[in-house]
Structure formats: C-alpha cells, structure tokens
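I have placed the structure first, in the form of structure tokens, so that the comments after it can refer back to it.
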Amino acid sequence: MGTIMDIITARDPFEKEFHQAVTEVVESVKPVLDNTPEYRHAGIMERIVEPERLVQFRVPWVDDQGIVRVNRGYRIQMNSAIGPYKGGLRFHPSVNLSILKFLAFEQVFKNALTTLPIGGGKGGSDFDPKGKSDNEVMRFCQSFMSELFRHIGPFTDVPAGDIGVGGREIGYLFGMYKKLNNEFSGVLTGKSLNWGGSLIRPEATGYGSVFFADEMLATKKQSLNGKTCLVSGSGNVAQYTTEKLNHLGAKVVTLSDSSGYIYDEKGIDPVKLQHIMYLKNVKRSRIKAYAEKYPEAVYTPVDAGIDHNPLWDHTADCAFPSATQNEINAKDAQNLLDNGVYVVCEGANMPTMPEGVDLFLDHKILYAPSKAANAGGVAVSGLEMSQNSMRIKWSREEVEAKLKSIMQSIHGACLSASEEYATPGNYVNGANIAGFVKVADAMMDQGIV
C-alpha cells in the first residue's frame with residue numbers, strides 16, 4: 001500500500017491534510033484489498049484517491065468601497081459511483097486544494113455510509129464572510145455562482161453549506177443559479193424552508209453526532225443521560241450538538257470559537273444555549289460575550305504559545321469536537337483520557353490528528369470518526385433532495401425519525417465491518433471498510449471510467 005501513498009505524495013507533495021485522510025483509509029482497507037484481488041486488479045484504490053474532476057476559478061467581486069477584490073473558487077468532484085456529487089461549500093481563508101481534497105475524499109465514504117444514492121464532492125473559496133456586509137457577501141456569492149453554475153445540477157452535483165456558508169449564502173447562491181439557468185431545481189441543499197429546504201437540516205449534523213454517540217453507549221448498556229460533555233466550536237454543529245445533548249439529559253460545559261473558549265461548570269442549559277445562538281447567529285459576536293452575561297463561566301483566550309487546547313483538559317465523560325480539522329493533537333487526546341473521557345464523537349471533519357486517533361484506539365474507548373459520526377448533515381441533505389424531487393415536504397418528526405434511523409444504520413454497518421475484519425469496536429476501520437466496499441462494488445459494476 002506504500003505505493004499508493006508514494007504516488008499521492010509525489011503528485012501533490014504539499015497536500016498534508018489530503019495525505020492524512022488517505023493514509024487512514026489505506027491502512028484500514030488493506031485487509032479488504034488482500035481478500036479481494038479483483039479490487040487491486042481494477043485499480044480501485046488508485047482511482048478512488050484521484051478526483052474525477054477538479055475545477056479552480058477566479059472570483060472577482062466589488063466591496064462596499066468600490067474596490068475590486070479577487071478570490072479563488074474551487075469544486076472537487078471526487079466520486080460519482082453511487083450518485084451525483086454531494087458535499088458542502090466552505091468559505092474560509094484557510095481553504096486550499098489540500099483541505100478541499102481531504103474533505104471531498106472523506107465525503108465519498110461518509111455519503112456511502114448513509115445508504116442514500118449520493119457521491120462525494122466538496123468546494124468553496126478562500127473568501128472570508130466575517131466582517132463583510134450582506135451586500136458584499138451577496139456580490140461575492142453571485143460572482144462565485146456565475147462560474148460554478150456550469151459544473152453543477154440536480155442530477156450532476158448538489159452542493160450544500162459548510163463553514164462560512166449558511167442560509168444567507170445558500171440563498172444568494174441559489175438566486176443566482178436560478179437566474180442563470182432559468183429553472184427552479186433542487187441544485188443546492190440547506191435552502192430556506194419556504195423555497196425548498198428541509199426541516200431538521202440545520203440541526204442534522206449535530207443531532208446525528210449525538211445519535212451516533214448514544215448508539216455507541218448503548219453497546220455498553222449506557223446512555224447519554226447524566227453524562228458531562230465537552231463540545232468545541234459554537235457554530236451550527238456545536239449549537240445543535242449541545243441542543244440534542246440537553247434533550248437527552250447530558251450536561252455540556254464548554255463551547256469555543258477561534259478567539260477562545262468558555263467553561264461553564266453548571267452547564268450550558270437550553271436558556272443559555274439560546275443566548276449563544278443569538279450571539280453567534282444574530283450579533284455574530286465572539287464567544288467571550290457569553291461570559292459577560294454569565295459571569296460564573298470562565299473564558300480562556302487562545303494562547304498560541306502552548307502546545308495543547310485547554311478546552312480538552314476538563315473532567316468529563318464525553319467529547320464532541322465540532323469546530324474544525326486537527327483540533328485534537330496527541331497531548332489533547334491524552335488529556336481527555338486522563339480526565340475520564342471515554343466517548344469521543346467527531347462532529348467536525350477529521351478533528352483528531354493521527355497520533356490522537358492512535359491513543360483513542362489503543363485505549364479502546366468509544367471513538368467515532370467524522371465520516372460516520374457527522375454524516376447526519378449530508379443524510380438530511382439527501383432527504384432534502386428527495387423532497388425536492390417529489391415536490392413534497394416531510395414534517396419535523398418524520399425527518400428526525402429518518403435521520404435517527406440512518407445514524408443507527410451507519411453505526412450498525414461500522415460495527416459489523418469492524419467485527420468482520422477482526423477489529424471489533426474499532427469504528428475507524430469499520431467506517432472506512434463499509435464505505436469503501438460500497439463505493440468499490442459500484443465502481444466495479446461500472447467498469448473502468
């Protein structure tokens with residue numbers, strides 16, 4: 001298998017996030033490839049790590065001072081073996097090809113695990129919506145879509161939101177697509193409810209992560225009720241992870257953003273969570289403002305001079321990393337273990353660095369990788385696509401029930417695959433193997449294309 005990594009690192013030597021994502025999958029699926037020589041003969045792994053299509057384009061736009069700005073736009077169409085490309089758009093200064101390729105690669109397996117007929121893709125821009133006016137964001141989105149529209153469609157590629165792309169951005173993007181194509185179709189998910197969106201879509205990733213954690217605990221005859229939980233982030237995923245944990249009787253004591261984190265020993269209850277949502281979704285404030293209203297909470301600013309994140313150094317039962325990639329390093333992982341955490345469920349994409357993953361697996365805690373645990377978002381995006389195609393709208397209860405059923409199915413598939421390949425309870429191997437086999441079989445059926 002070293003050959004595949006040699007090929008990837010030679011082709012794209014600086015794409016470390018992509019290398020990290022591929023390495024994990026390659027190591028997990030080696031027994032599958034050893035037992036299924038036809039996969040090797042058909043070059044399944046060599047094909048699956050190479051995007052089917054990669055589009056990069058210029059995005060010029062005009063700011064409120066009349067100055068022309070230029071950003072880069074991307075769309076990675078990774079794999080369409082089981083359905084149209086599906087994956088979010090991320091607007092953030094950190095966006096580059098390595099990050100988008102890792103996200104698109106992860107998306108292929110995540111989408112396969114949902115059991116829905118959707119392939120994997122990802123896209124975005126290095127544009128930062130923070131601090132921009134609504135008109136500036138609108139002008140950027142319209143310019144971005146004026147190029148992207150020719151590469152997407154309801155049966156080709158269906159983008160969604162991600163970091164920096166919420167309901168506002170999806171609205172501007174959809175409006176421009178509709179104008180350019182002269183059609184109203186389900187080409188984007190995460191839409192507003194009154195023009196094609198699905199109930200539970202904003203909540204889906206966070207809710208799904210909690211449902212998955214509850215399924216893992218059920219294997220030990222436990223539940224989330226009464227558990228103390230550490231949650232990172234304060235965006236969409238973190239907010240709804242916290243909401244569902246509250247529903248199930250758990251206590252969340254941390255939330256964060258890029259400036260620092262809060263620790264509230266009494267717990268971020270539903271009333272406090274509503275204040276967080278107001279701060280982040282309406283006022284677009286920093287998390288520090290929470291401690292100003294609730295002085296019993298401790299705010300700790302980011303300290304670039306330390307080698308760990310103190311958010312992960314509190315006594316708890318469960319951790320839900322829900323901010324961004326590589327936010328848990330080896331020291332953070334050890335701190336979590338030392339503080340009694342025995343459930344780690346990833347709401348963000350690839351938030352744990354490889355050394356941290358190894359520690360979690362070595363200690364045999366309940367550890368759910370992102371491609372399984374945060375699949376709830378794309379699962380409900382798939383359900384939104386179904387509702388758009390049928391011109392119907394399911395109730396909140398129907399969508400949440402379907403989401404819970406999908407997360408239970410993903411958990412079962414991961415557990416079964418890990419047991420079949422002699423690593424029972426290893427959800428990393430289980431998720432990689434279950435997703436890989438589904439995509440590989442579809443690719444085999446469709447020939448060398």
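The values are calculated or read from the model by the stated rules, or taken from the named source; none is laboratory data. It should be emphasised that the depicted structure is a prediction, and the values quoted were computed from it without experimental measurement. Quick reminder, even Gly has a Cβ in these numbers, built from the backbone with ideal geometry, and neighbours come from all protein chains shown. Heads up: the accessible areas ignore ligands, DNA and RNA and are worked out on the full protein's heavy atoms, side chains in. Shrake-Rupley method; radii C 1.70, N 1.55, O 1.52, S 1.80 Å.
Worth pointing out:
- Rolling a 1.4 Å probe over the heavy atoms of the protein chains gives the stretch 249-329 an accessible area of 47 Å² per residue.
- The chain, relative contact order in percent, only Cα pairs under 8 angstrom and at least six apart counted: 16 percent
- Using the Cβ-Cβ distance between Thr219 and Glu292 with R0 set to 56 Å, the FRET efficiency from 1/(1 + (r/R0)^6) comes to roughly 0.85.
- Charge dipole (Cα centre; +1 on Lys/Arg Cβ, -1 on Asp/Glu Cβ; no other charges) of the chain amounts to roughly 1480 debye.
- Summary of packing: across the peptides 255-268, 108-121, the per-residue average of other C-beta atoms within 10 Å ranks them, highest first, as 108-121, 255-268.
- Lysine pairs with alpha-carbon atoms under 29 Å apart, the stretch 291-428, spacing 8 or more or separate chains: 8
- Between Ile82, Ile306, Ile433, the Gaussian network model of the chain with springs among Cα atoms under 10 angstrom shows the greatest mean-square fluctuation at Ile306.
- Relative contact order of the stretch 211-316, defined on C-alpha pairs under 8 angstrom at six or more residues apart (%): 25 percent
- Nearby aspartates and glutamates by direct alpha-carbon distance to Lys178 (threshold 19 angstrom, same-chain neighbours under 8 apart not counted): Glu147, Asp157, Glu169, Glu384
- Helical runs (DSSP H, four residues minimum) scored at -39500 (n - 2.57) apiece and divided by the length of the chain put the mean residue ellipticity at 222 nm at -14500 deg cm²/dmol.
- Here the extension length gained between Arg69 and Glu398 equals 114.0 nm, from 0.36 nm per residue of separation less the Cα-Cα distance.
- Cα-based Lys proximity count in the stretch 219-278, under 22 Å, for pairs eight or more positions apart or on separate chains: 12
- Packing here is the average count of other Cβ atoms within 10 Å per residue, and on that basis the peptides 85-97, 139-151, 390-402, highest first, run 85-97, 139-151, 390-402.
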